Amino acid sequence: MRRIQLPTNNTLRFHDLPGAGRPLVFVHGLGCASSCDYPTVARDPALCSRRAILVDLLGFGFSDRPNDFSYTITDHARSVAELVRGLQLTDFDLFGHSMGGAVAIELAALCLEQVHALVLSEPNLDPGGGVFSRAMAAMSEEDYLRLGHARDIEMAAASGHAIWAGSMQVASALAAHRSAKSLVAGSVPTWREQLLALPMPRTVIFGQLSLPDDDFDQLPQAGIRVTEVPDAGHSMAWENPAGLARAIATACEA
């Protein structure tokens, strides 16, 4: 695992898997870690020839867990932009899942000249968050740190989401809560509006089990390609990594 020190003196850690062609940068969702979620996807036959950069956002996975960081979507995007600059990536494809989709949208706006294709899987596009982020954000920061984070880990384990429970165990409770609050608050302009304004080829991936979804029908009308991963829902990297790898590869080549 490699690391880069950010201007804030915090350390962002990432896997840099060797390969040829345009690098592919992975950004994970809330409470997750790219170092956990995406090695199997990145080394699937559909993607294994490509250089892959698997980023753990601050507060998650192996990256630092500073108490003085905002953990907003915007500041997560700025941190990854520093990594892009540090690695001197002049032409890369960008993938983001769920919360990481919102981060990837803002990162793509920061790196307009470098991002060749933007690929998102079930991203947060509008204020309000999702089921998990709304529940986190509904608690005060103090209560979430004292009770909520441990409760979420227990509930995840009890409901069969063992991988997410494990990722949450090593995540900063502060990072999870502040990131969730940022998702619920949304952005101005919204991530949806930012996505529609981006110039590069854009694809949004849905898990088959997450359909129907209004965006699956509506996004193509705005010039955004949509596709689905069979036999998977929102957690498609765990449920069908090969299917996700094929969808990402196709989107990057489109």
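Summary of computed values
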read-out	value
The chain - mean residue ellipticity at 222 nm from DSSP helices (-39,500 (n - 2.57) per run, n ≥ 4, rounded to 500)	-11000 deg cm²/dmol
For the stretch 1-143: rounded, prolate or oblate by the Cα gyration tensor [a/c cutoff 1.5]	prolate
Antiparallel content of DSSP bridges confined to the chain, in %, to 5	30 percent
Additional length obtainable on full extension of the chain from Val188 to Ser49, 0.36 nm per residue less Cα span	46.2 nm
Calculated diffusion of the stretch 114-254, Stokes-Einstein form, Kirkwood radius summed over Cα pairs, 37 °C and 0.692 mPa s, µm²/s	199 µm²/s
P(r) tail fraction, the stretch 91-141 - alpha-carbon pairs more than 13 Å apart, %	60 percent
Between the stretch 166-233 and the stretch 1-67, the alpha-carbon center distance in angstrom	18 Å
Among Leu12, Leu118, Leu87: highest mean-square fluctuation, GNM of the chain, C-alpha pairs under 10 Å	Leu87
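We did not get these values from a lab; they are worked out from the coordinates using the rules stated. If you're wondering where the values come from, they're calculated on a predicted model, not measured in any experiment.
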